[in-house]
Each structure stands twice: as C-alpha cells, then as structure tokens.
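The values are calculated or read from the model by the stated rules, or taken from the named source; none is laboratory data. Everything numeric here is computed off the predicted structure, so don't read it as measured data. Cβ placement follows ideal geometry from the backbone for every residue including glycine, while neighbour counts extend to all protein chains displayed.
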Amino acid sequence: MRFVDEYRDAAKARALAAEIAKLADPAREYRFMEVCGGHTHAIYKHGIEDYLPENITLVHGPGCPVCVIPMGRVDDAIHIARQPEVLMTSFGDMMRVPGGDGNFFDSNAEGTNIRVVYSPLDALKAARHNPGQHVVFMAIGFETTAPSTAMTLLRAQQEGLKNFSVFCNHVTIIPAIKAILDSPDLRLDGFLGPGHVSTVIGCAPYRFIAEEYGKPLVVAGFEPLDVLQSIHLLLVQLAEGRSEVENQYRRVVPWQGNRAALEAISRTMRPRPYFEWRGLGFISHSALRLREEYSRFDAEERFELPGVRVADPKSCQCGEVLKGVLKPWECKVFGTACTPETPIGTCMVSPEGACAAYYNFGRFSRERVREASKA
C-alpha cells in the first residue's frame, strides 16, 4: 500500500469485518484495549465499532499524554510561569488543561507569559533570542516525544545556554499497562499496542504482557484497515490458544525500536521513583526526569515548586475513562457541563482524549444505533 486511501478501502474493511465475525465466538464476550489515544480517535472518526460484532468491545486506555497529567503538575507549571522574567513554552493542547488554579490561558490573562511552541527546538530558539528571559519548556508525552526533548537538551548543553530549562513530565507506557493489568476491576482479553510509542521502544518490551499475563498484544497502525486487521490478529491468537506480541505496523515500527532515540533518552533522562497519573494514582518508575549531568537545565532544580497534589473535580470521571472502566458517555457531565469548549477533565481537552474523540465523532454512531432500534 502506498496511499492513505488504500488504508481506508471500504470493500477491504467489509471483508475484514466478515473474517472477524467468523472468528468471534458468539458465546463469548471480547474486550480489547486500545492503549493509544490515536487509536481511540481513529476508531470513533471512522466508525470502526460499527464493523464489529456486538460481543467485541473496544476499551479506552491511558495512552493520551495530555490526559494523564495530574492537576498538580499544571499548577506547578503555572507557578514557574509566574516567576520574574520567565517565558514558559508548551504544546498547544496543554493550554486548556485544567489545574487546581485554572489553565494556561487563565494564567496568561493574569499576566504570565505562556506561549505555544511546536517543538522543544522552538523553545530553544526563544531562549537564544531572549537572553534577558529564562525560557522553560514544559515537556510532556510518552517515549514518542521524549527523544525530541533529549536532543534539545544535548544541543542546549553543546551551545552552553544558561537561560533554558525543561519542566519534564514525560511518562512511560510499560508501567501504565502493568498497572492496568493489575487492576482488579477490569477484565481484558488483549491489547492494541500503541503505534507511536512503539516506533521508539519497539515491540520487545511488551513480551511480559503475553508471557506473564497471558494476553495477546498486536502493535497497530492508525488507519481503519490497520485497526481492523489488528483486531483480526488478536482473534486469531485467541482462537488458536496463543498469547504473543505481533507487529501489524511493520511499515513503521521496528521490532527493536529506534536505537538512536533510546540512546538520546538514556543519556539525558532517568526514571523517577514514582509519578502520579490522573486516574491511576502513583505508579513506580513510570516517568522520566533529567539526569544529574543536566541538572542546570532542570526546571525542578532551578525553581522551588509547590508540588501539591490536587484532587480532580468530583463531577469529573476522567480517571475511570482512562482506566477503561467507563465509556465517555457514561460520565455524568459528558456533553453537558463538560464539552471541548468548557472542559472539566483532560479527556475532553486533548484531540487524543477519549471524551473529545467521542464527542466529535462517536456520538453519531450511537445516534444511528438508537434510530435503528426504533425502526
């Protein structure tokens, strides 16, 4: 396949759906978790659930990097931005993430200077051009975006910049999946492995899922046929009594990952003893911070942070959505008090958030189901 239309061929999708229907045991219920928020978006946008038998349920996972940032870390970032002569930089989807003390837009309205950048190199450029200010980059994301932060740190060290630092909030996917597997209130039959993260870490780190927990995992691409083929591969494994890691996304994901990217991360960052995830609580060794050799670029070393843990609003059920316990529409405030324009929780803010994806696309499939049931 060379063109995106080939990955969205309706006839091939129907053929895959027919094969899936043949494999799915009608006497059994299947629950597959798509770990990555990009998969959630693709599933809702393209109506993939409409192609599946009713006994196959797709469960949302914690793979949206913006969604898992706890409110206290947002407040810490605002605290840094309020310091004299500080220019805070951030990706755009962080700007409306609510903290206990408002979001970045609210903070700017009160006088801080938080700007949107498209890469950490943009933040580095701002530091070069504004020598009288200290530029802080709020680094977020899984292993997907950590290499770009790592390479920026290497360049900052090479240039000897003194007015640049990183507020590191990079998280790692493997401990989060393990926390999901150890959760007593969630039953899963398999995983659609995250495609973007796997371009960096590869497929081998997921072996424990199959070997220790007996669950199959298929690293999946993001087009409709990718997702359907990955579900088909999961069903084949279950039908044959196998639990293995397979790579459907071979056109992009190398089995051993990107060695250069992993080396850059290893040179500049180290695992934290623990880190708080929204909805999942504190997970051991689930995030990264800068190594001591790069401490002069570490915003957590340069600024004294409040570090206060902030509870989510009681009305928000983002945590349950991130764990796959609830579907977005089952949240009490979904689509009423909580919308993309007025988000209460992070799952409604990020384009990869399950609530935002469902609000924008998935609700139409439910409307079709309701209309069909009336007919």
Legend entry - Members of segment 319-336 that are under 22 Å from G102 (Cα atoms) and surrounded by fewer than 14 Cβ atoms within 10 Å (Cβ to Cβ): K332, T336
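From the set of residues in segment 198-242 that are of a type in the set (G, A, S) and outside any helix (DSSP H, G or I), which is surrounded by the most Cβ atoms within 10 Å (Cβ to Cβ)?
Taking segment 198-242 and keeping what is of a type in the set (G, A, S), we get 198, 202, 204, 210, 214, 220-221, 230, 239, 241.
Of the ones still in play, those that are also outside any helix (DSSP H, G or I) are 202, 214, 220-221, 241.
Details: G202: 19, G214: 10, A220: 31, G221: 23, G241: 6.
Only one residue tops the list, namely A220.
Of these, E19, E34, E54, which one is under 17 Å from I180 (Cα atoms), among the acidic types (D, E) and either in a helix (DSSP H, G or I) or not assigned by TED's automatic domain parsing to the domain that holds T144 (or both)? Lay out the reasoning, then the answer.
Details: E19 fails: under 17 Å from I180 (Cα atoms); E54 fails: under 17 Å from I180 (Cα atoms).
Result of the check over E19, E34, E54: E34.
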Legend entry - Among (1) in the same structural domain as D75 (by TED's automatic domain parsing); (2) in a strand (DSSP E or B), the one test that S266 misses: (2)
Inset, instruction - Within segment 291-312, track down each residue that is of a type outside the set (D, E, K, R) and under 21 Å from the mean Cα position of the chain (by Cα). - result: V310, A311
Inset, instruction - Scan segment 75-104 residue by residue and report those that are at pLDDT below 95 and not in a loop (DSSP other than H, G, I, E, B). - result: G92, D93, M94, G99, G100, G102
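Just checking, does segment 3-16 include any residue being more than 27 Å from P313 (Cβ to Cβ), part of a loop (DSSP other than H, G, I, E, B), modelled with pLDDT under 95 and among the hydrophobic types (A, V, I, L, M, F, W, C)?
Of the residues in segment 3-16, the ones more than 27 Å from P313 (Cβ to Cβ) are 3-16.
Those still in the list that are part of a loop (DSSP other than H, G, I, E, B) too: 3, 9.
Narrowing further to those that are modelled with pLDDT under 95: 3, 9.
Imposing the further condition that a residue be among the hydrophobic types (A, V, I, L, M, F, W, C) reduces the set to 3.
Scanning segment 3-16 turns up at least one residue that is more than 27 Å from P313 (Cβ to Cβ), part of a loop (DSSP other than H, G, I, E, B), modelled with pLDDT under 95 and among the hydrophobic types (A, V, I, L, M, F, W, C).
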Inset, instruction - Scan segment 114-124 and give yes if some residue there is of a type in the set (G, A, S), in contact with a helix residue (DSSP H, G or I) (Cβ under 8 Å, 6 or more places away or on another chain) and either closer than 25 Å to E263 by Cβ or in a loop (DSSP other than H, G, I, E, B) (or both), otherwise no. - result: yes
Legend entry - So H285, is it assigned by TED's automatic domain parsing to the domain that holds D182 and modelled with pLDDT of 95 or more: no
